[in-house]
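The values are calculated or read from the model by the stated rules, or taken from the named source; none is laboratory data. The structure presented is a predicted model; accordingly, all values stated were derived computationally and were not measured. So basically every Cβ, Gly included, is an ideal-geometry build from the backbone, and we count neighbours across all protein chains shown. These area figures cover heavy atoms from the full protein model, side chains too; ligands, DNA and RNA do not enter into them. Shrake-Rupley method; radii C 1.70, N 1.55, O 1.52, S 1.80 Å.
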Amino acid sequence: MAEKLIFYVLAVITLWAGVMIITRKNPVHSVLFLVLAFVTSAGLWILLEAEFLGIVLVLVYVGAVMVLFLFVVMMLDIDLATLRAGFVRNLPLAGLIAAIMAVEILLIVGSGNFGLDVFPKPEPLRAEVSNTRELGLLIYTVYLYPVEIAAVILLLAIVAAIRLTLRRRPDNKYVDPTQQVRVRKGPDRVRLVRVTPEDGLRILANEKREG
């Protein structure tokens, strides 16, 4: 009974946080509600005896990714008026799409496909069973190819993002590093000379006397 009550509380908070994410006018508030949704989702994972996934969700997404998102949103000069422009005009179409998606989700995850008669409640895991080991066995045996394909897609996305960032634009000031570090020829060029501490003190003393 207590487990079911905790599940309903976490599920309601997660749904409420999801609604607040897309309805808040301030992007910082949306990011904070997204953090709340991640934390409650981690609690749901723990209820399903997937402690590793719950801890990873908190450490990786809440502790790293969402903090990065929060700093980026706070540092960017976001024009809120531009973001809110056209909200009322596009609201009917957005509501229709949301209703279609809700119906599709209910048809897929309904009791006929995911009820207790189809998937009975699993037996509790023994204390010596490692959740991390079982997850690793599934990833690198049954789901090896999907994981590898996802890794390649993410690698391509990273390379594409770096390529788009480093491309030369005519309106940007670009300095060629090879030209920047090249020693210029002439009387004004800079030359590095190794000087011992005694020589340095002697040079300073001579400059003081000459000055």
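Does the range 1-78 classify as rounded, prolate or oblate by the C-alpha gyration tensor (a ≥ b ≥ c root eigenvalues; a/c under 1.5 gives rounded; else a/b over b/c gives prolate, otherwise oblate)? Let's see the in-between values first.
Numbers: a/c = 4.95, a/b = 1.64, b/c = 3.02.
Note, shape of the range 1-78 comes out oblate.
In nanometres, what is the gap between the two model label sites at THR141 and ASN90, each 7 Å from Cα along Cα-to-Cβ?
4.6
Set the Förster distance to 41 Å, then compute FRET efficiency between GLU148 and MET74 from the Cβ-Cβ distance, nearest 0.05.
0.65
Sort SER130, SER30 by heavy-atom solvent-accessible area, probe 1.4 angstrom, most to least.
On the way: SER130 55, SER30 20 Å².
If we order SER130, SER30 from most to least accessible, we get SER130, SER30.
If we count every other residue with Cβ under 14 angstrom of THR132's Cβ, Lys/Arg +1 and Asp/Glu -1, where does the sum land?
Details: positive: ARG133; negative: GLU49, GLU51, GLU128, GLU134.
The answer is -3.
Which FRET efficiency, nearest 0.05, do ILE108 and PHE7 yield, Cβ-Cβ r, R0 25 Å?
Working: r = 20 Å, r/R0 = 0.79.
After rounding, the FRET efficiency stands at 0.80.
Below 13 angstrom from the Cβ of LEU204, what's the summed charge of the other residues (Lys, Arg +1; Asp, Glu -1)?
Working: positive: ARG202, LYS208, ARG209; negative: GLU198, ASP199, GLU207, GLU210.
Local net charge: -1.
Could you check the spin-label model distance between MET20 and THR132? Points 7 Å from the Cα along Cα→Cβ, value in nm.
3.3
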